[in-house]
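S.K.: Would you mind keeping the following structure in view while I ask a few things?
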Amino acid sequence: MAISTEIYHLQKLPRYVSEKPYTMRYVPEGGTAVSNVLREKHTLVVKDIRDSKDEYTLDHNGFMISKLPVSLDYATFESQEAIEKTYFPELETLLLSLFPGSTIDFVSYLVPRSPRPR
């Protein structure tokens with residue numbers, strides 16, 4: 001299955017060579033613009049590739065698809081303790097099987113605090 005959608009990218013402008021793109025969440029004093037970001041719209045096709053995992057490899061595509069057998073159910077992912085004690089070790093085992101000799105560090109993650117719409 002594939003769908004057509006639109007995304008917005010930052011325009012490639014010479015000003016961004018010397019000026020970092022920014023957007024403020026408040027109105028600054030002194031006439032400074034709230035944002036200097038200019039975007040351009042692109043249309044692209046998004047394809048569901050979950051059933052095509054053998055077609056994509058890390059060496060050739062820069063990404064890969066792998067199914068992670070997870071013992072947690074959806075609701076349990078709201079528990080920081082369950083994520084750290086169950087999910088991270090499962091994920092680490094998978095990653096180490098794919099990248100032997102690597103070191104896996106989970107630096108940051110978010111735990112949802114409110115129910116997601118279904």
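The values are calculated or read from the model by the stated rules, or taken from the named source; none is laboratory data. Computed from a predicted model, the values in this text were never measured in an experiment. So basically every Cβ, Gly included, is an ideal-geometry build from the backbone, and we count neighbours across all protein chains shown.
S.K.: Could you tell me whether any residue of region 2-9 is in a strand (DSSP E or B) and of a type in the set (Asp, Glu)?
M.R.: yes
S.K.: Given the conditions (1) within 29 Å of ALA2 (Cα to Cα); (2) more than 21 Å from the chain's Cα centre (by Cα), which single one is not true for THR57?
M.R.: (2)
S.K.: On to the next question. Taking only region 64-90 into account, find how many residues are at pLDDT 90 or above and of a type in the set (Asp, Glu).
M.R.: 3
S.K.: Quick check, is TYR26 modelled with pLDDT of 90 or more, part of a loop (DSSP other than H, G, I, E, B) and within 29 Å of VAL111 (Cβ to Cβ)?
M.R.: yes
S.K.: Mind listing whichever residues of region 1-23 are more than 30 Å from SER52 (Cα to Cα) and either in contact with a strand residue (DSSP E or B) (Cβ under 7 Å, 6 or more places away or on another chain) or loosely packed, with under 10 Cβ neighbours inside 10 Å (or both)?
M.R.: Scanning region 1-23 gives LEU10, GLN11, LYS12, PRO14, VAL17, SER18, LYS20, PRO21, TYR22, THR23.
S.K.: For residues that are within 19 Å of LEU110 (Cβ to Cβ), touching a residue at least 24 places away in the same chain (Cβ under 8 Å) and part of a loop (DSSP other than H, G, I, E, B), tally how many sit in region 44-93.
M.R.: Here the count works out to 2.
S.K.: Also, I was wondering about something else. Would you call ALA33 assigned to a loop (DSSP other than H, G, I, E, B), surrounded by 10 or more Cβ atoms within 10 Å (Cβ to Cβ) and over 21 Å from the mean Cα position of the chain (by Cα)?
M.R.: Considered against the rule, which asks whether it is assigned to a loop (DSSP other than H, G, I, E, B), surrounded by 10 or more Cβ atoms within 10 Å (Cβ to Cβ) and over 21 Å from the mean Cα position of the chain (by Cα), ALA33 comes out as yes.
Conditions tested, residue by residue: (1) of a type in the set (Lys, Arg); (2) in contact with a His (Cβ under 8 Å, 6 or more places away or on another chain).
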| residue | (1), (2) |
| --- | --- |
| GLU6 | no, yes |
| ARG15 | yes, no |
| PRO21 | no, no |
| ASN36 | no, no |
| ARG39 | yes, yes |
| ILE49 | no, no |
| GLN80 | no, no |
| LEU95 | no, no |
| VAL111 | no, no |
